[in-house]
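Worksheet: one structure, shown below.
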Amino acid sequence: MPAPAYAHTQAGRLHLAFGPLAFAFGVAAMWPGVDATARSVFVMLAAVFGIVTAAFATLTVRDEGDHLAVRFGPLPLFATRIAYADVTGVRRERSDLLDGWGLHWVPGRGWIWNLWGFDCVRIERGGRAVRVGTDDPGGLEAFLRDRTAARAPA
């Protein structure tokens with residue numbers, strides 16, 4: 001199988017805090033003398049922080065032939081595919097603190113897939129938009145323009 005025309009994985013930073021929190025809640029759950037209710041809460045918190053750590057440590061953006069794949073990882077709970085045929089515009093942007101990090105929909109701005117930082121590429125698909133955060137905005141934008149012949153939206 002030939003190498004993809006574009007593949008980039010960005011490492012985040014928040015998992016560096018969430019991992020130790022998962023560990024700390026796990027230790028607290030096993031601490032002698034902890035009552036059953038507190039133990040249950042600590043186990044739940046350890047699991048939540050552990051899953052968040054594993055699901056949002058990296059963001060991989062990869063060409064997969066007829067579409068762009070965007071996936072958080074290494075635990076692949078959240079992924080999307082953007083068909084090149086649907087792309088009507090591409091432009092480099094910057095998100096802000098109101099956009100936040102992670103995966104969510106922002107009213108008036110569309111979906112954002114962002115792991116860390118504020119650089120992103122806005123991908124228009126008709127009247128819908130998705131912004132993909134990256135520490136390689138120039139490379140991703142150039143690749144998408146070449147692949148889709150999309151022009152910058154007005």
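Quick notes on this structure:
- Sole residue being under 20 Å from the mean Cα position of the chain (by Cα) and surrounded by 14 or more Cβ atoms within 10 Å (Cβ to Cβ), chosen from Arg81, Arg71: Arg71
- Single unsatisfied condition, Val52 versus (1) under 17 Å from the mean Cα position of the chain (by Cα); (2) of a type in the set (Val, Ile, Thr); (3) in a strand (DSSP E or B): (3)
Here's the yes/no breakdown for (1) assigned to a loop (DSSP other than H, G, I, E, B); (2) under 22 Å from Val70 (Cα atoms); (3) at pLDDT below 90:
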{"site": "Pro2", "(1), (2), (3)": "yes, yes, yes"}
{"site": "His8", "(1), (2), (3)": "no, yes, no"}
{"site": "Ala17", "(1), (2), (3)": "no, no, yes"}
{"site": "Leu21", "(1), (2), (3)": "no, no, no"}
{"site": "Ala28", "(1), (2), (3)": "no, no, no"}
{"site": "Val34", "(1), (2), (3)": "yes, no, no"}
{"site": "Arg39", "(1), (2), (3)": "no, no, no"}
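- Qualifying residue in the stretch 81-91 (condition: of a type in the set (Ser, Thr, Tyr) and under 29 Å from Ala22 (Cα atoms)): no
- Residues (surrounded by 17 or more Cβ atoms within 10 Å (Cβ to Cβ) and either without any contact (Cβ under 8 Å) to a residue 60 or more places away in the chain or on the phi > 0 side of the Ramachandran plot (or both)) located in the stretch 94-110: Ser95, Asp99, Gly102, Leu103
- The single condition among (1) part of a helix (DSSP H, G or I); (2) surrounded by fewer than 17 Cβ atoms within 10 Å (Cβ to Cβ) that Ala46 does not meet is (2).
- Among residues of the stretch 67-83, those that are charged (D, E, K, R) and in contact with a Lys or Arg (Cβ under 9 Å, 6 or more places away or on another chain), counted: 1
- Gly127, sole failed condition from (1) surrounded by 14 or more Cβ atoms within 10 Å (Cβ to Cβ); (2) free of Cβ contacts under 8 Å to residues at least 24 places away in the same chain; (3) closer than 22 Å to His67 by Cβ: (1)
- The strands (runs of 3 or more DSSP E) falling completely within the stretch 89-154 that include 3 or more residues that are at pLDDT below 90 and farther than 15 Å from Thr60 by Cα map to 102-106.
- Count of the stretch 57-72 residues which are of a type outside the set (Lys, Arg), without any contact (Cβ under 8 Å) to a residue 24 or more places away in the chain and not in a loop (DSSP other than H, G, I, E, B): 2
The values are calculated or read from the model by the stated rules, or taken from the named source; none is laboratory data. A quick note: this is a predicted structure, and the numbers were derived from the prediction, not measured. Positions of Cβ are generated from backbone atoms using ideal geometry, with glycine treated the same way; all protein chains shown enter the neighbour counts.
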